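Let me begin by presenting the structure, written as structure tokens, before commenting on it.
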């Protein structure tokens, strides 16, 4: 009995069939790899946006605390006026960052208006009580992050568990006497 030997034509046909099947497998591998890499990159970008907002809010709180030590504040004895100037400094600092949603980002006036209506700034004077002047202040800035994300949420991922609802920054300052 003789063994059958494949002709070159049959071998070529077999190789071509394998290549066609390999192309399909490559497409499936690409789909899985792309999905995984996209989710990783999305996670990094989302974490980066939260970190950016946290830095901007912390910097705004520091700018507000720094405003208390300005020479123009030293002669003021009215705490309400001091607090208003600190809030103005915080609002202006946040208006210079990228935390305002695109719909309210047309010009500096609309950015400032959005920040004043959505960001909470609390100034607490500390130190001596009664009629004695305050010796320090704590500035707290709260930004509603979950309602104003920089990147949209993906429907497949529940980011509410690992993303903050509110980003808070706090700074303290000693008042010059």
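Taken together, the values in this text are just the output of simple stated rules run on the coordinates, not laboratory data. Bear in mind that the values here come from a model prediction, so they are computed numbers and not experimental data. We place every Cβ from the backbone using ideal geometry, glycine too, and count neighbours over all the protein chains shown.
To the nearest Å, what is the center-to-center distance of segment 143-170 and segment 82-124, using C-alpha atoms only? Rounded to whole Å, the Cα centres lie 19 Å apart. Remark: 162, 114 ranked as 162, 114, counting other beta-carbon atoms within 10 Å and listing the fewest first.
Estimated at 0.36 nm per residue, the fully extended path between residue 66 and residue 80 surpasses their Cα-Cα distance by 3.4 nm.
Using 1/(1 + (r/R0)^6) with R0 = 41 angstrom and r between the beta carbons of residue 36 and residue 174, what's the FRET efficiency to the nearest 0.05? Efficiency, rounded to the nearest 0.05: 0.20.
Quick one: order 90, 57, 121, 40 by neighbouring beta-carbon count within 10 Å, fewest to most.
The order, fewest Cβ neighbours first, is 40, 121, 57, 90.
A straight chain from residue 29 to residue 150 at 0.36 nm per residue would run longer than the Cα-Cα distance by 40.4 nm.
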